[in-house]
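S.K.: Before we start, here is the structure in question, set down as structure tokens.
The values are calculated or read from the model by the stated rules, or taken from the named source; none is laboratory data. Note that the coordinates shown come from a computational prediction; the quantities given were computed from them, not determined experimentally. Counting neighbours? That spans all protein chains shown, and the Cβs are built from the backbone with ideal geometry, glycine included. SASA here: full protein model, heavy atoms, side chains in, ligands and nucleic acids out. Shrake-Rupley method; radii C 1.70, N 1.55, O 1.52, S 1.80 Å.
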Amino acid sequence: MPTRARRTQRRNQVLSREQIIDTAIDLLDAGGEGALTVRAMTDRLATGSGAIYYHVGNRDELLDTATETVITAALATRPAGAQATPADEVRLVALALFDAIAEHHWLATRLILQIVRNPVGPVTVGIFERLGRQVGALGVPQARWFDAASTLVHYILGAISQNARVEGDTSGIDPEADREELFDATSRAWQELDAESYPFLHAIVGQIREHDDREQFLTGIAVVLDGLTRLR
């Protein structure tokens with residue numbers, strides 16, 4: 001056997017699927033989807049492209065696997081106490097997803113794509129099953145379970161996506177913009193609007209500077225949960 005072939009074989013034997021996925025997540029965290037290339041993966045892992053394809057498939061499959069890995073870890077979060085209520089469980093899952101996307105900005109787009117494209121995949125069924133069980137426990141009539149669970153999922157995904165860098169058309173958006181500077185600029189712009197025509201915006205210009213994204217997110221969860229308990 002030629003020397004190069006022996007080295008490749010040994011290299012592929014020690015390279016694990018987990019190493020490939022972890023490396024892919026690191027590249028995605030550092031530079032988004034554009035940073036995840038076969039060249040970058042082979043350079044980082046000191047291996048050939050064949051080993052990557054063997055373990056995880058093509059680039060799209062690797063993106064899906066990276067998404068599944070992060071979301072599965074988030075969904076594994078469990079309440080600290082034994083007396084957690086259904087509402088506590090919903091807040092726990094929602095915040096776990098919120099924090100996962102805050103840490104991995106590329107995840108917002110991939111998560112939505114997974115739910116749309118793969119309704120029987122582990123991401124979709126994991127999220128719906130974990131939240132859906134709580135919908136029943138909240139007393140929502142079974143005939144409304146799908147609507148109730150979908151409302152929760154739609155709110156969670158929509159809200160957390162606003163706090164992430166969405167891949168795609170971001171013309172006019174500075175990806176390096178400071179959050180506080182953005183809200184300061186927005187509040188100043190709203191304050192300059194005519195007060196009689198825009199009384200609501202004038203009333204909240206101070207709040208937009210001071211609000212906390214996680215607390216705002218939990219306020220939305222509370223509103224949705226309150227509405228779900230009233231379904232008949």
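S.K.: Given the conditions (1) out of contact with any helix residue (DSSP H, G or I) (no Cβ under 9 Å at 6 or more places or on another chain); (2) open to solvent by less than 100 Å² (accessible area, probe 1.4 Å); (3) assigned to a helix (DSSP H, G or I), report the number of the one that F200 does not fulfil.
M.R.: Every listed condition holds for F200 apart from (2).
S.K.: Within segment 104-113, identify whether any single residue is among the charged types (D, E, K, R) and within 18 Å of D22 (Cα to Cα), and answer yes or no.
M.R.: yes
S.K.: Next question, about the same structure. Can you go through L131, L107 and tell me which one is at pLDDT 90 or above, more than 26 Å from A24 (Cα to Cα) and surrounded by 16 or more Cβ atoms within 10 Å (Cβ to Cβ)?
M.R.: The conditions single out L131.
Listed here are the residues, each with its yes/no results for (1) modelled with pLDDT of 85 or more; (2) surrounded by 13 or more Cβ atoms within 10 Å (Cβ to Cβ); (3) more than 27 Å from L28 (Cα to Cα); (4) within 27 Å of the chain's Cα centre (by Cα).
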position	(1), (2), (3), (4)
S161	no, yes, no, yes
A164	no, yes, no, yes
I173	no, no, no, yes
W190	yes, yes, yes, no
R209	no, yes, yes, yes
D213	yes, yes, no, yes
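S.K.: Could you say whether any residue in segment 134-154 is of a type in the set (V, I, T), surrounded by fewer than 21 Cβ atoms within 10 Å (Cβ to Cβ), at pLDDT 90 or above and not in a helix (DSSP H, G or I)?
M.R.: Checking segment 134-154: not a single residue is of a type in the set (V, I, T), surrounded by fewer than 21 Cβ atoms within 10 Å (Cβ to Cβ), at pLDDT 90 or above and not in a helix (DSSP H, G or I).
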